[in-house]
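Here the structure comes first, spelled out in structure tokens, and everything after it is commentary.
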Amino acid sequence: MSIELQNIHYSYGKVKALNGVNLTVGEGATGLLGPNGAGKSTLIKIMLGFLTPAEGQGKVLGYDVRTEQKFIRRLVGYMPEDECFIPGLDAVTFTALMGELSGLPRQEAMKRAHEVLFYVGLGESRYRLVDTYSSGMKQRLKLAQALVHDPKLLFLDEPTSSLDPTGRQEILELIGEIASTKDIRVLLSSHILADIELICDRVVIINKGEIAATGRIEDLKMVNYQLYELRIKGELNGFRRELEEAGCRVEETEDRLVKVYTPPGFDRRRIFLSAARNGVQVRQFVCSQTSLEDLFARVVGVD
Amino acid sequence: MAEVREKGYHHWEGQLQDKGRMFWPITRTGIKLAFQRKRFKFLFAVSFMPAITFAVGVYISERLEDFKFMAQGAERTLQVNPGFFRTYLSLDFIFFMILLLMALGGAGLIADDFRHKAIQLYFARPLTRLDYLLGKAGVVMFFVGLLTLVPALILFLLKLLFSGSFKFFLDYPWLPLSIIIYSAFLMVFFTCYVLLASSVSKNRNYVIALIFAVYYLSEIARGIFYVIFRSPYSILLSIPGNLQQVAAAVFQVKPALAVPWYLSFLVLSAFCLLSFFFLRRKLRGVEVIR
């Protein structure tokens, strides 16, 4: 396992940021999904040893998060959410410095700095001062410094924030390639569902400092609920109430499409029976392909 | 023969080192960044003027007969003894140049890392707070050492060279050690002073103002307290005053004021200790807002 956390608690003063987080992350790319303020960045900072949990224990790549942070940081690459760099340095010197601080010999650090800068698409501008870089270039540079020492595990904290659509697509493709072909495990923290769905095969949904759901994205979509999309004629309220009493979640979109999320083992014939009882005509009934957005909305409890 | 590889990402086959000198890349980068500034290079060159002047003084002191026409009555001032070295190492101009160079090359050492959130990049590596601090301290020590320790030792060697004998060394065998001790003290003090100032604000301009303000306000405070209380102990409030008192003790010359040197030493040491603890508390991989 890459990451094993048990009962992690952390508070910022009186505000509880993490409340008994249990987490296991294996191979491949895992998405850490949650709304802003859910505790994603705090969790990453605990795994890096920046913050010490008030309670609980955990291991990253076999090393204890409380006592062996130095070993963890040697094997982990971290791409922070913030725009961060050392002013006055060109990209290649900056990346080489980060490599050297990770334990690469000086010459090797410089060699790898050139390589990773080409890899992330900054080859032509690697001698430019990082101060003069655009936001997109700075994102790529942050990815390069995280990769320079050939980490076993990458923590990417909101890697597509402040990027235009093209830049976002390009950086996601890079991350996808790293996760799928470079034998580097990736933990991608984001509140952008599409990013996670594109890159990751597993997801951990965190909400208000607690793990709301975890597992393979496909499995979560299948196991936790089924989504049916209906178009009806008649009064929705009674129909909705009855379905909700049966454990379903019912939503109506602006174009009057009714989405019914049913719990596991729910017999879909009950929807028709309920409609008949409430004098509602079902004019369209589609067993819908659920998206990560649906899953997220359901476990986090937002529309 | 070197391997020809395709451009792209490759795994690194080597072993990451667990170096004892993790601070060195930070120091090297800090020195390089300081020299990137044109004004810094100019001032750095200017700061060696006293050393050159003193070197000429050492030469003339050995050739007084030849320079009699222009050095009349200068026998006393051109006497090379421990006081000569103390004068060099506690010159107001040297202190001013140290402050000026550190304002240009040292103010941003920590302030820039705070401002551009680079601290988390450092601490996401196997780097301790002490490694980081030593790395930044190395930059200040390098420049203060170049302005104090190196010229003073060269002046000592020049004295031996120009005199053509070891008599000076035999007269004052402890002098090289005094030079090293006092220079090291200056290096430690100015390192703590500059790093503390640099960690107080994210804005390097404020840091520059702070570096000069605290130094000269301490001297003004000394003057005010002296006027009010007429006590020589007011010198304990002054940074340059304390440095000069310690210099007098290290070089075994009479201090300017009859205040025990160890009090000045204690004041400056306490300042260094407090700075160190403040810096350790201030530096974290992440800014925790409670």
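The values are calculated or read from the model by the stated rules, or taken from the named source; none is laboratory data. Because the structure is predicted, anything quoted here is derived from the model rather than measured. Every residue, glycine among them, receives a Cβ derived from its backbone with ideal geometry; neighbour counts consider all protein chains shown.
Can you tell me which residues in the range B:42-59 are under 16 Å from B:A103 (Cβ atoms), within 17 Å of the chain's Cα centre (by Cα) and part of a helix (DSSP H, G or I)? If the condition is that a residue be under 16 Å from B:A103 (Cβ atoms), within 17 Å of the chain's Cα centre (by Cα) and part of a helix (DSSP H, G or I), then B:L43, B:F44, B:V46 are the ones that fit. If the condition is being among the hydrophobic types (A, V, I, L, M, F, W, C), within 23 Å of B:H11 (Cα to Cα) and within 14 Å of chain B (Cβ to nearest Cβ), then the range A:21-75 contributes A:L48, A:V60, A:L61, A:F71, A:I72, A:L75. Among residues of the range A:125-142 being within 11 Å of chain B (Cβ to nearest Cβ) and out of contact with any Phe, Trp or Tyr (no Cβ under 7 Å at 6 or more places or on another chain), the one that is surrounded by the fewest Cβ atoms within 10 Å (Cβ to Cβ) is A:D131.
Picking from A:I171, A:I192, which residue would you name as being away from chain B (no Cβ under 11 Å), within 30 Å of A:L5 (Cβ to Cβ) and surrounded by fewer than 19 Cβ atoms within 10 Å (Cβ to Cβ)? Checking each option against the conditions leaves just A:I192. State whether one or more residues within the range B:178-199 are more than 19 Å from the chain's Cα centre (by Cα) and either more than 30 Å from B:I154 (Cβ to Cβ) or at pLDDT 95 or above (or both). Within the range B:178-199 (the criterion being more than 19 Å from the chain's Cα centre (by Cα) and either more than 30 Å from B:I154 (Cβ to Cβ) or at pLDDT 95 or above (or both)), the answer is no, since none of the residues qualifies.
Kindly provide the set of residues from the range B:268-285 that are more than 14 Å from chain A (Cβ to nearest Cβ), in contact (Cβ under 8 Å) with a residue 40 or more places away in the chain and among the charged types (D, E, K, R), ordered by number. Once the filter is applied, which keeps residues that are more than 14 Å from chain A (Cβ to nearest Cβ), in contact (Cβ under 8 Å) with a residue 40 or more places away in the chain and among the charged types (D, E, K, R), the range B:268-285 yields B:R280, B:K282.
Residue check, B:L266 against (1) surrounded by fewer than 17 Cβ atoms within 10 Å (Cβ to Cβ); (2) at pLDDT 95 or above; (3) within 15 Å of B:Y193 (Cβ to Cβ), all met but one. Which one? Failing condition for B:L266: (3). With respect to A:D219, is the statement that it is surrounded by fewer than 18 Cβ atoms within 10 Å (Cβ to Cβ), under 11 Å from the mean Cα position of the chain (by Cα) and of a type in the set (D, E) true? Spelling it out, it is not the case that A:D219 is surrounded by fewer than 18 Cβ atoms within 10 Å (Cβ to Cβ), under 11 Å from the mean Cα position of the chain (by Cα) and of a type in the set (D, E).
From the list A:L97, A:L129, the lone residue that is farther than 26 Å from A:D183 by Cα and touching a Pro at 6+ places or on another chain (Cβ under 9 Å) is A:L129.
When A:P87 is tested against the conditions (1) within 22 Å of B:M22 (Cβ to Cβ); (2) surrounded by 18 or more Cβ atoms within 10 Å (Cβ to Cβ), the lone failure is (2). With respect to A:L18, is the statement that it is within 14 Å of chain B (Cβ to nearest Cβ) and crowded, with 22+ Cβ neighbours inside 10 Å true? For A:L18, the condition - within 14 Å of chain B (Cβ to nearest Cβ) and crowded, with 22+ Cβ neighbours inside 10 Å - is met. Quick one: is B:M1 at pLDDT below 75 and exposed (fewer than 13 other Cβ atoms within 10 Å of the Cβ)? When the stated conditions are applied, B:M1 passes them.
Within the range A:210-231, identify whether any single residue is part of a helix (DSSP H, G or I) and modelled with pLDDT of 80 or more, and answer yes or no. Within the range A:210-231, one or more residues are part of a helix (DSSP H, G or I) and modelled with pLDDT of 80 or more. Taking each residue of the range A:79-90 that is more than 7 Å from every other protein chain (Cβ to nearest Cβ) and looking for partners that are among the aromatic types (F, W, Y) and surrounded by 19 or more Cβ atoms within 10 Å (Cβ to Cβ) with beta-carbon atoms closer than 8 Å, six or more apart or interchain, yields A:M79/A:F155.
Of the residues that make up the range B:28-36, is at least one in a helix (DSSP H, G or I), in contact (Cβ under 8 Å) with a residue 40 or more places away in the chain and over 19 Å from the mean Cα position of the chain (by Cα)? Checked the range B:28-36: no residue is in a helix (DSSP H, G or I), in contact (Cβ under 8 Å) with a residue 40 or more places away in the chain and over 19 Å from the mean Cα position of the chain (by Cα). Within the range A:96-124, if we keep just the residues that are in contact with an Asp or Glu (Cβ under 8 Å, 6 or more places away or on another chain) and within 8 Å of chain B (Cβ to nearest Cβ), the residue that is surrounded by the fewest Cβ atoms within 10 Å (Cβ to Cβ) turns out to be A:R106.
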